[in-house]
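A.B. asks: Below is one structure. I have some questions about it.
The values are calculated or read from the model by the stated rules, or taken from the named source; none is laboratory data. These figures come from a predicted structure and were not determined experimentally. As a convention, Cβ positions derive from the backbone with ideal geometry for all residues, glycine included, and neighbour counts pool all protein chains shown.
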Amino acid sequence: MAYSVTTSDIVARWRPLSVDETAVATVLLADAVVKLDVMRPTLAAAVASTVPSTHVDERFVTAALCDMVIRVLANPDANRSFTLGSDGAISLSYGVDDPRARIEVTAGDLTYIDRALIAAEALLPRFVSRPMHSTMNFRYSTAGTSLPTV
C-alpha cells in the first residue's frame, strides 16, 4: 500500500474491531487507496516527497481513508433510512445507486486533502483569483454623453 494506514488507525478513531471486521477493513482500506489514487493521482508522490515545499503530511490521507472505511463498517448495507410503520410496513432506502458499492470518496474526504495538495503546490486550485479586466470602452468623463463615469 502506498500509505502506511492500517486497521489500527481505524481502531484508534472508532472502536475495537472483531477478527472478521479487521479482515474486511483491510480489504476496504486497499479499495479506498485505489479510489483515492484515481481521484488524486499526485497525492502518493506528494506524500512520498522529501522536499518540504511539496510534501503532504500523511495524516491527511490516513484520516480520509479511515473515514471512508468507518462509513462502510458502521453502515455495511449502505442504508440511508429505515422506517417501520405503525402497521408493520418496512421502508428502506439506500444512499447509493448500488448498495454493494462499498467505498465512496466524498467531497468532505477530498476537501482537506485538496487543501494540503494546494499548499504543497501539487494540485492547482480550480479557481484562481485574478483581477478582472474589461474590454469595454468606458469613458472617464460624462461630458456631452449619457454614459456613466467610472
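A.B. asks: Looking at (1) over 13 Å from the mean Cα position of the chain (by Cα); (2) modelled with pLDDT of 55 or more; (3) surrounded by 12 or more Cβ atoms within 10 Å (Cβ to Cβ), which one does residue 104 not meet, given that it meets all the others?
C.D. replies: In the conditions (1) over 13 Å from the mean Cα position of the chain (by Cα); (2) modelled with pLDDT of 55 or more; (3) surrounded by 12 or more Cβ atoms within 10 Å (Cβ to Cβ), residue 104 misses (1) alone.
A.B. asks: Here's another thing I want to ask about it. How many residues does the stretch 51-70 contain that are small (Gly, Ala, Ser) and closer than 17 Å to residue 11 by Cα?
C.D. replies: Here is the first cut: in the stretch 51-70, the residues small (Gly, Ala, Ser) are 53, 63-64.
When the remaining residues are screened for being closer than 17 Å to residue 11 by Cα, the result is 63-64.
Of the residues in that region, 2 qualify.
A.B. asks: Condition first: at pLDDT below 95, under 17 Å from residue 103 (Cα atoms) and exposed (fewer than 15 other Cβ atoms within 10 Å of the Cβ). Can you find one or more residues in the stretch 1-12 that meet it?
C.D. replies: Checked against the condition, which is being at pLDDT below 95, under 17 Å from residue 103 (Cα atoms) and exposed (fewer than 15 other Cβ atoms within 10 Å of the Cβ), the stretch 1-12 yields at least one hit.
A.B. asks: Under 9 Å by Cβ, and 6 or more places apart or on different chains, what pairs join a residue from the stretch 54-73 that is of a type in the set (S, T, N, Q) with one that is outside any helix (DSSP H, G or I)?
C.D. replies: Correct list of pairs: 54/120; 54/121; 54/122; 62/3; 62/4; 62/5.
A.B. asks: Continuing with the same structure: Looking for whichever is β-branched (Val, Ile, Thr), farther than 20 Å from residue 108 by Cβ, at pLDDT 85 or above and buried (at least 16 other Cβ atoms within 10 Å of the Cβ) here; the options are 24, 51. Which one fits? Reasoning before the result, please.
C.D. replies: Working: 51 fails: buried (at least 16 other Cβ atoms within 10 Å of the Cβ).
Being β-branched (Val, Ile, Thr), farther than 20 Å from residue 108 by Cβ, at pLDDT 85 or above and buried (at least 16 other Cβ atoms within 10 Å of the Cβ) holds for just one of 24, 51, which is 24.
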